[in-house]
Amino acid sequence: MIRILPVLGLALLAVLLVAADGDRPAVDGTTRFLLTVVRQDPGAAGEGTPLDLTELGKPAAPVGPTAANLAADGFVAAVPHGKKILEAIRARGAADVLYRGECETRSGAKAMWETGRKFPVPIVSLRGDARTVSTSYEQTGAELEVEWLKGTNRVVAQIEFSAARRLHGQVGCIIDQHQSCGTVQLPDGYTAIFTFLNRVPAEILNRMPKELATDAAPQPDLVTQYWVLLTRMDVAPAK
């Protein structure tokens with residue numbers, strides 16, 4: 001029996017920013033965090049095309065190296081005008097929102113949010129010249145654990161997500177997994193931007209079984225860009 005195993009792209013990031021707390025003073029109270037995970041094919045824009053941050057406002061912390069070279073995973077910036085970030089991402093090419101959710105917490109406390117879904121994965125069985133395709137299911141989803149440090153604009157966040165995609169003309173799928181954890185400066189109304197670049201070599205793709213004998217054209221490297229947006233929105237100050 002031949003089983004097409006998931007291809008994993010794992011990126012671990014630990015970020016600690018010690019810059020000043022942006023332009024807005026820290027206020028204890030209740031806040032809401034919104035997590036958005038976006039998937040993009042960077043083929044049209046090119047892997048080295050930077051995200052245009054010029055219209056998103058002054059960053060709360062220095063822009064990371066990935067703003068100029070998206071081949072590296074990591075923190076890009078924390079900027080205001082979060083609603084314009086998706087527009088800036090889509091200006092580079094077509095993008096899909098995979099996950100979106102929110103959680104609420106008080107300063108000094110932790111909060112969690114998670115979502116999941118089952119993704120069908122074809123399994124190929126060979127007996128002589130006969131081929132049978134069955135289906136199993138892999139768990140994918142996103143998880144956020146966040147803590148707003150009391151008396152500051154610093155936020156400790158741990159973000160994990162996985163995403164699956166079918167490949168045209170082939171049996172099987174690719175499952176990408178990424179994880180980021182660290183501390184960022186995130187004033188009220190700001191959005192922290194993270195990016196992850198995932199590459200599956202052509203030699204792996206071309207070893208996967210084809211759905212039809214005519215689907216024999218060689219596949220190029222599969223490159224996928226992920227954007228993770230973490231937005232803070234204060235609900236009420238402490239009384």
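The values are calculated or read from the model by the stated rules, or taken from the named source; none is laboratory data. Since the structure is predicted, the reported quantities are computational estimates derived from the model, not experimental observations. Backbone-built Cβ (ideal geometry, glycine too); neighbour counts: all protein chains shown. Ligands, DNA and RNA are stripped out before the accessible areas are found, and what is left, the full protein with its side chains, is counted by its heavy atoms. Shrake-Rupley method; radii C 1.70, N 1.55, O 1.52, S 1.80 Å.
Couple of notes before you dig in:
- When the Cα atoms of segment 79-195 are aligned to their principal axes, the ranges along those axes come out at 68, 33, 19 Å in descending order.
- DSSP-loop trypsin sites (Lys or Arg not before Pro) across segment 87-185, with at most 13 other Cβ within 10 angstrom: Lys150
- Ranked order, Leu229, Leu222 - accessible area, probe 1.4 Å, largest first: Leu222, Leu229
- Modelled FRET efficiency - R0 30 Å, Lys150 with Met112, Cβ distances, 0.05 increments: 0.95
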